[in-house]
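Trainee: I'd like to ask you about the structure that follows.
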Amino acid sequence: MNRQQAQNMCETRKIKVLELPLTGGCACGRVRYEISTAPIDAGYCHCGLCRLTTGAVMLAWATIPIHGFHYTSGEPSVYPSSAWGERRFCSHCGAQFEYRAQKNPSVVDVNIGLLDRPELVPPASHVWVEDEVPWLHIQDHLPRYLGRGPDI
């Protein structure tokens, strides 16, 4: 996916165009990254696997074309979290940076909470709400999908 295709996808999914580049990193500061391309999707994931790998009841993520994402310092560790994907995290502080699905190596799902300015990437939907914890009641007006939502 080239930059123009990413921009078109961003507009289609109504993801806010942001100030680029975006930067982020982990709690201990050993691993840092930069995003130079606008997200093509962003949302909240309620799946059980995200819960288990982050310790949070849901995860805010942004899908970035892989050519627009790179680590600027440090090297994350890789955890094969399932038969279909892997996650990268800081081996010192444990912060989880990203998820990469084997079926779509052209994008990376970055955890919004580790951005230096997470307010610049507002989620546009909720996915895997069939796995949402029953006591969580989010009353926004974003689309909610039982599974992974529409393909981007």
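Trainee: Return yes or no: is Val110 within 13 Å of Cys45 (Cβ to Cβ) and in a strand (DSSP E or B)?
Mentor: yes
Residues checked against (1) modelled with pLDDT under 95; (2) of a type in the set (Phe, Trp, Tyr); (3) under 24 Å from Glu130 (Cβ atoms):
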site: Cys28; (1), (2), (3): no, no, no
site: Tyr33; (1), (2), (3): no, yes, no
site: Cys47; (1), (2), (3): yes, no, yes
site: Gly68; (1), (2), (3): no, no, no
site: His92; (1), (2), (3): no, no, no
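Trainee: Anything in the range 103-126 that is free of Cβ contacts under 8 Å to residues at least 60 places away in the same chain and surrounded by fewer than 19 Cβ atoms within 10 Å (Cβ to Cβ)? List them, or say none.
Mentor: First, the residues of the range 103-126 that are free of Cβ contacts under 8 Å to residues at least 60 places away in the same chain: 103-105, 108-109, 111, 113, 118-119.
Those that are free of Cβ contacts under 8 Å to residues at least 60 places away in the same chain and surrounded by fewer than 19 Cβ atoms within 10 Å (Cβ to Cβ): Lys103, Asn104, Pro105, Gly113, Pro118, Glu119.
Trainee: Considering each of Ser77, Ser81 in turn, give the residue that is modelled with pLDDT of 95 or more and surrounded by fewer than 18 Cβ atoms within 10 Å (Cβ to Cβ).
Mentor: Testing whether each residue is modelled with pLDDT of 95 or more and surrounded by fewer than 18 Cβ atoms within 10 Å (Cβ to Cβ) leaves just Ser77.
Trainee: Another question about this same structure. Within the range 124-147, is there a residue that is within 27 Å of Arg32 (Cβ to Cβ) and in a loop (DSSP other than H, G, I, E, B)?
Mentor: Yes: the range 124-147 contains one or more residues that are within 27 Å of Arg32 (Cβ to Cβ) and in a loop (DSSP other than H, G, I, E, B).
Trainee: Out of (1) polar (S, T, N, Q); (2) at pLDDT below 95; (3) within 13 Å of the chain's Cα centre (by Cα), what's the single condition that is false for Gln139?
Mentor: (3)
The values are calculated or read from the model by the stated rules, or taken from the named source; none is laboratory data. Predicted model only: the values in this text are computed from it and were never measured. Glycine gets a Cβ as well: all are built from the backbone with ideal geometry, and neighbour counts include every protein chain shown.
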